[in-house]
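Working notes, beginning with the structure itself.
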Amino acid sequence: MRAVVLVGGEGTRLRPITETMPKPLVPLMDRPSLDHVLDHLARHGVHEVVLSSAYLQETFHAFIESRHGDPTITWITETEPLGTGGAIVNALAALPGAEPFFALNGDILTDLDLTAMLAFHRERGSAATIALTHVEDARPFGLVPTEPDGRVLEFREKPSELVPGDINAGTYVLDRAALEGWTVGENISIERQIFPALIEAGRPVFGFVSDAYWLDLGTPEQYLRAHFDILQGKVAFEPDYAAPFVAESAQVDLRAHLGRWVVVGVDVSVGPEAEIEDSVLHAGAVVEAGAKVSDSVVGPRVRIGAAARVSGSALAEGAVVPPGAVLEGAKVSAGQTASPT
């Protein structure tokens, strides 16, 4: 079994955290989020993966070299962004054989049963199967209505009013024949072009509705929520993580206080009387004595000065918060010093 994983997103909504690292390499717990995606695929029998991105391969080189075992990785650099559909069409040359394959976004946290989804695809004789998840507010996503047997009727635009419904969860099983006729190298949307064209042509497109955990890691708030949900056991995740999670190489003073929903990365230093609540601290971050951090993403090698207060903020790599400064809802770019208030 093979898969195409789309890892070309610029992570605009997750800025400033993504100013110095591609979104798929932003840590989730103690490893890049893409690591967890590939492990999930491997657990469901995927042995080969094509990573498609407009980033240069060198950006991901260290990550690819760190992977051992399944799945093996083939890298495709898009000379220009090709969109979700164009990237998959472009990857077909690296997918030998006629078997269906998975295609998915690389910035989704899910415990979707891929084995069951593939079986559903084959049982229905589907050309394309789309993982669907139910949400109470479909306004950010758009709706995908289906027949009782799961056949997709259409793709609706984002509703203007708050309505519940099933939405595209960003994971697909595709037959190669479903992509015939599309030109390699063109910017194509699978959601707005390929799927509607298949439906209009009468091809079987099915929705696989699942109550599996699903979360788009697109914003700092959702990124934090993903960590909290992992620590609370809301998502089937390997390995299990204790709450709070503190990496072995981190140094946390015995007089510091860590709340339950906290992730402390490798080589982080937390000083005496510091308080951390509902936050994620990336590798090498320093929180000095008496500082308080809550509801925040603290990027690599950030330094938060003594007695500073940081809440609801996102601090990019190497940012500095001066001693005694107060930040609320701030976004501090990489290497910048926050303006104290």
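The values are calculated or read from the model by the stated rules, or taken from the named source; none is laboratory data. Quick caveat: nothing in here was measured; it's all calculated off a predicted structure. Glycine also receives a Cβ, built like all others from the backbone with ideal geometry; neighbour counts cover every protein chain displayed. These area figures cover heavy atoms from the full protein model, side chains too; ligands, DNA and RNA do not enter into them. Shrake-Rupley method; radii C 1.70, N 1.55, O 1.52, S 1.80 Å.
At a glance:
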{"read-out": "Subset of segment 89-102 (residues that are part of a helix (DSSP H, G or I) and either open to solvent by less than 10 Å² (accessible area, probe 1.4 Å) or among the small types (Gly, Ala, Ser) (or both))", "value": "Val89, Ala91, Ala93, Ala94"}
{"read-out": "Selected residue (only one of Ala283, Ala236 is closer than 16 Å to Leu28 by Cα, modelled with pLDDT of 95 or more, open to solvent by 30 Å² or more (accessible area, probe 1.4 Å) and part of a loop (DSSP other than H, G, I, E, B))", "value": "Ala283"}
{"read-out": "Any chance Val37 is among the hydrophobic types (A, V, I, L, M, F, W, C), open to solvent by less than 60 Å² (accessible area, probe 1.4 Å), within 24 Å of Ala212 (Cβ to Cβ) and not in a helix (DSSP H, G or I)", "value": "no"}
{"read-out": "Per-region count, segment 291-341, residues closer than 19 Å to Ser269 by Cβ and of a type in the set (Asp, Glu)", "value": "1"}
{"read-out": "Residue list for segment 93-143, restricted to those being among the charged types (D, E, K, R) and either in contact with a helix residue (DSSP H, G or I) (Cβ under 9 Å, 6 or more places away or on another chain) or within 15 Å of Tyr172 (Cβ to Cβ) (or both)", "value": "Glu99, Asp107, Asp111, Asp113, Arg122, Arg124"}
{"read-out": "Some residue of segment 241-264 being among the β-branched types (Val, Ile, Thr), open to solvent by less than 30 Å² (accessible area, probe 1.4 Å) and over 21 Å from the mean Cα position of the chain (by Cα)", "value": "no"}
{"read-out": "Residue satisfying all of: in segment 176-191; under 13 Å from Gly83 (Cα atoms) and small (Gly, Ala, Ser); most open to solvent (accessible area, probe 1.4 Å) among these", "value": "Gly185"}
{"read-out": "Matching residues in segment 192-212 - criterion: being touching a residue at least 60 places away in the same chain (Cβ under 8 Å), surrounded by fewer than 18 Cβ atoms within 10 Å (Cβ to Cβ) and under 23 Å from Val7 (Cα atoms)", "value": "Gln193"}
{"read-out": "Tally of residues being of a type in the set (D, E, K, R), more than 25 Å from the chain's Cα centre (by Cα) and outside any strand (DSSP E or B) across segment 286-332", "value": "1"}
{"read-out": "Gly218, sole failed condition from (1) touching a helix residue (DSSP H, G or I) at 6+ places or on another chain (Cβ under 8 Å); (2) part of a loop (DSSP other than H, G, I, E, B); (3) open to solvent by 50 Å² or more (accessible area, probe 1.4 Å)", "value": "(3)"}
{"read-out": "Pair list, Cβ under 8 Å, 6 or more apart: segment 75-88 residue farther than 21 Å from His61 by Cβ and part of a loop (DSSP other than H, G, I, E, B), other residue open to solvent by 30 Å² or more (accessible area, probe 1.4 Å) and basic (Lys, Arg)", "value": "none"}
{"read-out": "Selection count where residues are modelled with pLDDT of 90 or more and of a type in the set (Asp, Glu), scope segment 140-183", "value": "4"}
{"read-out": "Odd one out for Val209, checked against (1) modelled with pLDDT of 95 or more; (2) within 22 Å of Gly142 (Cβ to Cβ)", "value": "(1)"}
{"read-out": "Odd one out for Glu58, checked against (1) open to solvent by 40 Å² or more (accessible area, probe 1.4 Å); (2) over 17 Å from the mean Cα position of the chain (by Cα); (3) within 18 Å of Asp216 (Cβ to Cβ)", "value": "(3)"}
{"read-out": "Test: residue in segment 103-119 that is more than 19 Å from Tyr213 (Cβ to Cβ), in contact (Cβ under 8 Å) with a residue 24 or more places away in the chain, of a type in the set (D, E, K, R) and open to solvent by 10 Å² or more (accessible area, probe 1.4 Å)", "value": "no"}
{"read-out": "Subset of segment 40-70 [without any contact (Cβ under 8 Å) to a residue 60 or more places away in the chain, outside any helix (DSSP H, G or I) and in contact with a Ser or Thr (Cβ under 8 Å, 6 or more places away or on another chain)]", "value": "His47, Glu48, Val49, Val50, Leu51, Ser53, Ala54, Tyr55, Leu56"}
{"read-out": "Residue that is farthest from Ser339 (Cα to Cα) [pool: residues in segment 298-316 that are surrounded by fewer than 22 Cβ atoms within 10 Å (Cβ to Cβ) and not small (Gly, Ala, Ser)]", "value": "Arg301"}
{"read-out": "Residue that is surrounded by 14 or more Cβ atoms within 10 Å (Cβ to Cβ) and touching a residue at least 60 places away in the same chain (Cβ under 8 Å), where the choices are Ala138, Ala127", "value": "Ala127"}
